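J.: Please see the structure below; I have some questions.
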Amino acid sequence: MISNDSFQSRSGYFGAFATFLGSLVLLYLKDLAVVENISNSYIFLLVLFVFFTMLLTEYYQKNIYNKKHNISKIFIATNRSNLYIAKSAFLRFIVLFLPFLVFYLILNHHNYFIKNNFFAPTVEFFDWLLYIFLSFGFVYNFITLKYKGDRAYEFGDYAVLSIIAIRSIIKQNTLHKNRRVKKIFLIYLVNFFFLSLMIRFIAVEFHAFENSFANYLKHGSFDNGYWTMFHLIFVVDLTIAIIAYTFPSRWLDNRIKSVDMTMSGWVVAIMCYPPLNYAFVGEFVNYNNQQTVAIFTNEYILMALSVLTLFMYLIYVWATAALGFKFGNLTNKGIVTIGPYRHTKHPAYISKNISWWLENSYVLSNIWATAGLATWNTIYWLRGKTEERHLLKDKNYIKYSEKFNQK
């Protein structure tokens, strides 16, 4: 029996703890001179460690859930011959490799990615993915078809959707009409766009955490402690996000079920990320670009605001951990109802937007700065609305949202 949204995984919580622990271990190894420099490769090893931690806890939880609800075992061998499975696995291996190769070439040759070193971590990460895919891609597909080959899984299979897309391109007459074809193109685009950014961000955040922690150990001070916690929170957030984008699988029940296909949904989402947030939002609603003065100058009030800001960001990363393998943008991988999602439909957006006002209270001294930050709030409000519009096509989300509508 195929699992459904009634199973709510807590693997993201274990992933968050593993990220916290692994980050400290890396700093400790550097302090012992076992590691001379924490390179991108060590950060990727941290991500891999967290992935296996989440994977093991996911299956431990799922096994308990299945026994409790008398659900069939996870591993159920198909009655098809190994030769048939091997042929199908090889075809899927090739078909899945083609879009990866396209994005790999874009990363390594397009001027946007190679004109500076911002995306150097992303290029290195995709090198890792290339080696992993070439080494284990066929084996993974074979085992998946052998033990997870139920036809019900095939409808949303990325390889099957890709084959349909290739056939449509060859026919040249059904590409724009087939929603499943549009879906797979958007799936690849979403994953590439956000994964390339998340890898770029985690390298920045981890080294910022590393420097802040070193400053805290050397000098102490509240500010150094604040920035250490701030950057560590985002290392945890980005690690879980990277894992969710990198490892969609029928084994984890985190493949994309549907993609927002509306222009408005895409615009308000990607407006919050480079390059659009620099090119448009950064110029017209940049609240840091205005003449402002400090509203609060008392040291204790500023410390209290900083503590509240960290509290809001902890709620933000709590939401990411609750999503775990199902984290994503512009997509539906399954409805999550645990953690902060028990209390509100948009805990990450709400907490993040409140934190901006807490850490940037000075904007209140300038009407244009205030309007700029309020505009950001509006953009995130629109993100929430467009996401709800998309998710309301899922009966599980309708059921989930009913309890909030009754309040």
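J.: Hey, does the stretch 163-171 have a residue that's among the polar types (S, T, N, Q), surrounded by 16 or more Cβ atoms within 10 Å (Cβ to Cβ), closer than 25 Å to Gly328 by Cα and in contact with a helix residue (DSSP H, G or I) (Cβ under 7 Å, 6 or more places away or on another chain)?
T.: no
J.: Another one. For the stretch 65-80, what are the residues that are crowded, with 16+ Cβ neighbours inside 10 Å and β-branched (Val, Ile, Thr)?
T.: So in the stretch 65-80, the residues crowded, with 16+ Cβ neighbours inside 10 Å come out as 66, 71.
Once the filter is applied, which keeps residues that are crowded, with 16+ Cβ neighbours inside 10 Å and β-branched (Val, Ile, Thr), the stretch 65-80 yields only Ile71.
J.: Determine, yes or no, whether Tyr380 is assigned to a helix (DSSP H, G or I), in contact with a Ser or Thr (Cβ under 9 Å, 6 or more places away or on another chain) and aromatic (Phe, Trp, Tyr).
T.: Values: assigned to a helix (DSSP H, G or I): yes; in contact with a Ser or Thr (Cβ under 9 Å, 6 or more places away or on another chain): no; aromatic (Phe, Trp, Tyr): yes.
Considered against the rule, which asks whether it is assigned to a helix (DSSP H, G or I), in contact with a Ser or Thr (Cβ under 9 Å, 6 or more places away or on another chain) and aromatic (Phe, Trp, Tyr), Tyr380 comes out as no.
J.: Residues in the stretch 92-101: is at least one without any contact (Cβ under 8 Å) to a residue 24 or more places away in the chain, in a helix (DSSP H, G or I) and farther than 19 Å from Ile243 by Cα? If you could, list the steps in order and put the result at the bottom.
T.: So the first thing to find is which residues in the stretch 92-101 are without any contact (Cβ under 8 Å) to a residue 24 or more places away in the chain, and the list is 94, 101.
Remaining after also requiring in a helix (DSSP H, G or I): 94, 101.
Next, only the ones that are farther than 19 Å from Ile243 by Cα stay: 94, 101.
Yes: one or more hits.
J.: Taking the stretch 353-376, which residues are of a type in the set (S, T, N, Q) and either at pLDDT below 95 or in contact with a strand residue (DSSP E or B) (Cβ under 9 Å, 6 or more places away or on another chain) (or both)?
T.: Our first condition is that a residue be of a type in the set (S, T, N, Q); within the stretch 353-376, this holds for 353, 355, 360-361, 365-366, 370, 375.
The answer is Asn360, Ser361, Ser365, Asn366, Thr370, Thr375.
J.: Return the only residue of Phe194, Phe201, Phe213 being buried (at least 16 other Cβ atoms within 10 Å of the Cβ) and either free of Cβ contacts under 8 Å to residues at least 12 places away in the same chain or over 24 Å from Ile106 (Cβ atoms) (or both). Please lay out each step first, then the result.
T.: Working: Phe194 fails: either free of Cβ contacts under 8 Å to residues at least 12 places away in the same chain or over 24 Å from Ile106 (Cβ atoms) (or both); Phe201 fails: either free of Cβ contacts under 8 Å to residues at least 12 places away in the same chain or over 24 Å from Ile106 (Cβ atoms) (or both).
One residue alone meets the criteria, Phe213.
Residue-wise test of (1) crowded, with 16+ Cβ neighbours inside 10 Å; (2) assigned to a helix (DSSP H, G or I); (3) touching a residue at least 60 places away in the same chain (Cβ under 8 Å).
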position: Gln8; (1), (2), (3): yes, no, yes
position: Leu21; (1), (2), (3): no, yes, no
position: Ile43; (1), (2), (3): yes, yes, yes
position: Phe49; (1), (2), (3): yes, yes, no
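J.: Next up: If I ask for residues that are among the basic types (Lys, Arg) and either modelled with pLDDT of 95 or more or outside any loop (DSSP other than H, G, I, E, B) (or both), which ones from the stretch 157-211 would you list?
T.: Listed by number, the residues that qualify are Arg167, Lys171, Arg179, Arg180, Lys182, Lys183, Arg200.
Condition check ((1) within 27 Å of Val285 (Cβ to Cβ); (2) out of contact with any Ser or Thr (no Cβ under 8 Å at 6 or more places or on another chain); (3) without any contact (Cβ under 8 Å) to a residue 40 or more places away in the chain; (4) among the aromatic types (Phe, Trp, Tyr)) across all residues:
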{"residue": "Asn329", "(1), (2), (3), (4)": "yes, yes, no, no"}
{"residue": "Thr337", "(1), (2), (3), (4)": "no, yes, no, no"}
{"residue": "Arg342", "(1), (2), (3), (4)": "no, yes, yes, no"}
{"residue": "Ile354", "(1), (2), (3), (4)": "yes, yes, no, no"}
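J.: Now a separate question. If Ala89 satisfies all but one of (1) of a type in the set (A, V, I, L, M, F, W, C); (2) in contact (Cβ under 8 Å) with a residue 60 or more places away in the chain; (3) in contact with a Leu (Cβ under 6 Å, 6 or more places away or on another chain), what's the number of the condition it fails?
T.: Going through (1) of a type in the set (A, V, I, L, M, F, W, C); (2) in contact (Cβ under 8 Å) with a residue 60 or more places away in the chain; (3) in contact with a Leu (Cβ under 6 Å, 6 or more places away or on another chain) one by one, Ala89 breaks only (2).
J.: With (1) touching a helix residue (DSSP H, G or I) at 6+ places or on another chain (Cβ under 7 Å); (2) without any contact (Cβ under 8 Å) to a residue 24 or more places away in the chain as the list, and Asn111 as the residue in question, which single condition is left unmet?
T.: (1)
J.: Is there a residue in the stretch 81-89 that is surrounded by 15 or more Cβ atoms within 10 Å (Cβ to Cβ), in contact with a Lys or Arg (Cβ under 6 Å, 6 or more places away or on another chain) and in a helix (DSSP H, G or I)?
T.: Quick first cut of the stretch 81-89, residues surrounded by 15 or more Cβ atoms within 10 Å (Cβ to Cβ) only: 85-86, 88-89.
Filter once more, so that each one left must be in contact with a Lys or Arg (Cβ under 6 Å, 6 or more places away or on another chain): 85.
Checking which are in a helix (DSSP H, G or I) leaves us with 85.
Yes: one or more hits.
Per-residue answers, yes or no, for (1) of a type outside the set (A, V, I, L, M); (2) under 23 Å from the mean Cα position of the chain (by Cα):
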position	(1), (2)
Glu36	yes, no
Val47	no, yes
Thr53	yes, yes
His69	yes, no
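J.: For a quick check of your reading of the model, give me the residue pairs whose first member lies in the stretch 24-37 and is within 18 Å of Thr228 (Cβ to Cβ), whose second is surrounded by 11 or more Cβ atoms within 10 Å (Cβ to Cβ) and modelled with pLDDT of 90 or more, with beta-carbon atoms closer than 7 Å and at least 6 apart or on different chains.
T.: Within 7 Å, the pairs are Leu26/Ile38; Leu26/Tyr42; Leu26/Leu46; Leu27/Glu210; Leu27/Phe213; Lys30/Ile38.
J.: Output the residues belonging to the stretch 121-156 that are loosely packed, with under 15 Cβ neighbours inside 10 Å and either hydroxyl-bearing (Ser, Thr, Tyr) or not in a helix (DSSP H, G or I) (or both).
T.: Tyr131, Ser135, Asp150, Phe155
J.: A further question on this structure: In the stretch 367-385, what residues are in contact (Cβ under 8 Å) with a residue 40 or more places away in the chain and either buried (at least 16 other Cβ atoms within 10 Å of the Cβ) or within 20 Å of Met263 (Cβ to Cβ) (or both)? Show your work before the answer.
T.: Initially, the stretch 367-385 is screened for residues in contact (Cβ under 8 Å) with a residue 40 or more places away in the chain, giving 368-373, 375-376, 379-380, 382-383.
The answer is Ala369, Thr370, Gly372, Leu373, Thr375, Trp376, Ile379, Tyr380, Leu382, Arg383.
J.: Of the residues Leu217, Leu232, which single one is more than 12 Å from the chain's Cα centre (by Cα), within 30 Å of Met303 (Cβ to Cβ) and either at pLDDT 95 or above or of a type in the set (Asp, Glu) (or both)? Quick ask: steps written out before the conclusion?
T.: Numbers: Leu217 fails: either at pLDDT 95 or above or of a type in the set (Asp, Glu) (or both).
Within the list Leu217, Leu232, the selection yields Leu232.
J.: Considering only residues that are under 26 Å from Leu186 (Cβ atoms) and of a type in the set (D, E, K, R), look in the stretch 310-356 and name the one that is nearest to the chain's Cα centre (by Cα).
T.: For the stretch 310-356, the residue satisfying everything is Lys326.
J.: Could you list, in sequence order, the residues of the stretch 317-362 that are part of a loop (DSSP other than H, G, I, E, B) and farther than 30 Å from Gln290 by Cβ? Give the derivation first.
T.: Restricting attention to the stretch 317-362, the residues satisfying the condition of being part of a loop (DSSP other than H, G, I, E, B) are 327-330, 333-338, 343-346, 360.
Matches in the stretch 317-362: Phe327, Gly328, Leu330, Lys333, Gly334, Ile335, Val336, Thr337, Ile338, His343, Thr344, Lys345.
The values are calculated or read from the model by the stated rules, or taken from the named source; none is laboratory data. Since we're looking at a predicted model, the values are computed, not measured. Reconstructed Cβ throughout: ideal geometry from the backbone, glycine too, with neighbour counts over all protein chains shown.
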